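The values are calculated or read from the model by the stated rules, or taken from the named source; none is laboratory data. Because the structure is predicted, anything quoted here is derived from the model rather than measured. Neighbour counts run over all protein chains shown; Cβ positions are idealised from the backbone, glycine included. Each accessible area value is taken on the protein alone, full model and side chains, heavy atoms only, with ligands, DNA and RNA left out. Shrake-Rupley method; radii C 1.70, N 1.55, O 1.52, S 1.80 Å.
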Amino acid sequence: MNKKNNGCIYTKQWVVDMMLDLCGYTSENNLSLMTIVEPSCGEGSFVIEIVDRLCKSCKKYQIEPLKMLGCIRAYDIDKDALAMVRKTVTELLGKYQIEQALVNNLLYDWFREEDFIEANIDKADLVIGNPPYIRATDISKELRRAYSKALDTFTMGTDMYIAFMEKGLKTLNESGKLCFICSDRWQKNQSGVKFREFLKNNDLYLSFNCQMHDVEAFEQDVTAYPSISLIQRGMSEKVDITCNSTFDCVSAKKIVDNFSKGICDTDSKSFNYIISNDNQKILDFPTIEEAGISMGIGIATGKDAVFITEDPNVVEEDRLVPLAYARDIKDYHFPAKPIKWLINPWENGNLVKLDEYPKLRNYFYEHEDELKGRHVAKKYPDKWFRTIDKLNTELQRQEKLLIRDMSNMTEPIYEDGHYYPHHNLYWMTSDIWDVEILGGILLSDVVYKMMEQNSVKMRGGVIRNQAQYLRKLRVPQYSSISDEDKVNLKKAFRDRDRTKATKICERLYG
Ligand SMILES: C[S@@+](CC[C@H](N)C(=O)[O-])C[C@H]1O[C@@H](n2cnc3c(N)ncnc32)[C@H](O)[C@@H]1O
């Protein structure tokens with residue numbers, strides 16, 4: 001197939017970024033735990049960004065580069081385009097100092113010169129890309145016959161992208177997501193009937209639809225009625241966006257932000273934003289922050305080996321803050337006495353004067369090279385012993401719920417105001433809520449189902465409880481919960497009685 005009839009139109013970088021962000025494929029996550037498929041990679045608009053994010057993520061989580069094998073599958077039938085993308089990716093991997101033998105292995109593993117529709121593919125967590133633009137009338141008889149055999153929804157009238165959507169969706173594991181920028185004609189026209197039925201029969205939903213007919217999303221001009229469509233399993237909120245020609249990367253960031261928080265902010269000249277839900281009632285509930293709950297992630301130090309200690313004599317006593325660390329949680333409780341301490345260089349929002357703390361001073365100077373090698377120290381050389389985040393003394397003293405990033409269920413843990421959360425825990429506090437009552441709600445299957453829809457699932461069915469997904473949770477207003485339900489939710493939380501918490505929540509959420 002030559003370039004003229006292989007439906008080749010390349011996607012702009014900011015659109016690629018928007019789609020990857022939307023799916024949670026960001027280097028903040030441990031991407032070595034995910035498998036992503038690009039079905040028609042061309043010269044690599046998506047795949048180059050994917051490789052970059054994967055490398056960054058491995059660096060952040062200190063994962064050896066070998067583990068990147070199996071994380072990406074990129075297909076194309078265009079030899080020249082594949083040669084081009086292989087070359088660019090080789091250069092990119094070189095920048096991450098990956099040795100040549102491994103680069104060769106990765107290229108061999110990641111790239112396939114193969115017809116995506118006919119390829120035999122292992123299940124994936126994410127299928128993302130921009131499938132070829134080939135109209136029904138331009139597809140040869142032979143190809144149509146072959147694809148009709150391989151697929152359920154490919155008929156005489158269907159354009160090529162439908163074949164890619166069906167095959168892509170069949171490639172997903174149970175909790176996987178597909179995100180394509182392609183024509184949205186299938187959503188309404190006759191040739192999309194079979195595909196729409198396929199979605200319904202397989203419990204698949206369009207959860208995000210960003211109509212970009214008037215947006216310059218591609219490197220070439222194209223009249224293809226493009227939309228960014230995110231399809232996933234299970235009941236879900238649907239976000240419908242219509243963009244106008246002023247839509248750009250700034251609006252894209254705003255949309256991704258809205259989507260991750262589950263908020264409907266239509267205050268934009270560039271797009272119109274509507275949220276709907278099969279269970280429309282859920283939208284009557286405020287998001288967790290609207291309901292008066294603050295949340296965030298624990299402290300990142302940039303060098304845990306230096307800033308976290310199990311020896312309470314290493315620096316002055318008042319420089320030690322008991323640290324809530326995910327692995328120290330036993331039976332949903334933190335240890336009665338601290339196991340780990342954070343060595344705290346902060347006081348009232350400023351760095352302490354080292355001369356006033358001789359032990360602290362010696363300790364930091366002993367580790368000077370390690371501390372100065374951190375990105376944050378290079379950025380602020382005169383503050384070379386700072387942690388990445390500042391310490392918020394107030395947070396330590398507050399009653400809070402702490403939630404591990406990765407777990408099979410949403411598992412809030414109560415902390416009564418002694419420990420400071422490490423970066424491997426998310427925290428929630430409130431001036432309005434008794435946090436143990438909130439704990440009862442978060443423990444329920446009702447909330448777990450919301451989390452499942454919102455978050456990215458990793459291998460082994462583990463969900464990510466990241467702030468961006470937690471923020472999308474909707475909870476009842478505290479004042480609307482009866483005293484009896486409050487007592488029972490608190491008891492269910494203390495007893496870790498998920499069944500009881502679920503029963504109450506099913507009633508509260510209607
Ligand atoms: C619209 S371009 C998209 C390229 C890239 N994903 C991007 O967004 O910049 C479509 C690509 O699909 C490829 N293609 C066409 N038919 C294919 C098939 N059956 N299997 C895999 N790739 C195919 C073309 O060679 C082309 O590179």
Determine whether Glu91 is of a type in the set (Asp, Glu), within 15 Å of the ligand (Cβ to nearest atom) and under 26 Å from Phe218 (Cβ atoms). no
Please work out which residue is most open to solvent (accessible area, probe 1.4 Å), limiting yourself to the range 58-101 and to residues that are over 22 Å from Gly168 (Cβ atoms) and among the acidic types (Asp, Glu). Glu99
Taking Leu230, is it within 23 Å of the chain's Cα centre (by Cα), farther than 14 Å from Pro39 by Cβ, modelled with pLDDT of 90 or more and not small (Gly, Ala, Ser)? yes
Filter result (of a type in the set (Val, Ile, Thr), open to solvent by less than 40 Å² (accessible area, probe 1.4 Å) and within 30 Å of the chain's Cα centre (by Cα)) within the range 287-344: Thr287, Ile288, Ile293, Ile299, Thr301, Val306, Ile308, Ile329
Within the range 138-184, restricting to residues that are closer than 18 Å to Leu204 by Cα and surrounded by fewer than 17 Cβ atoms within 10 Å (Cβ to Cβ), the one that is modelled with the lowest pLDDT is Glu174
Based on this model, can you work out whether Met68 counts as modelled with pLDDT of 95 or more and within 16 Å of the ligand (Cβ to nearest atom)? no
With respect to Leu54, determine if the residue is away from the ligand (no atom under 16 Å from the Cβ), without any contact (Cβ under 8 Å) to a residue 60 or more places away in the chain and either of a type in the set (Lys, Arg) or crowded, with 17+ Cβ neighbours inside 10 Å (or both). yes
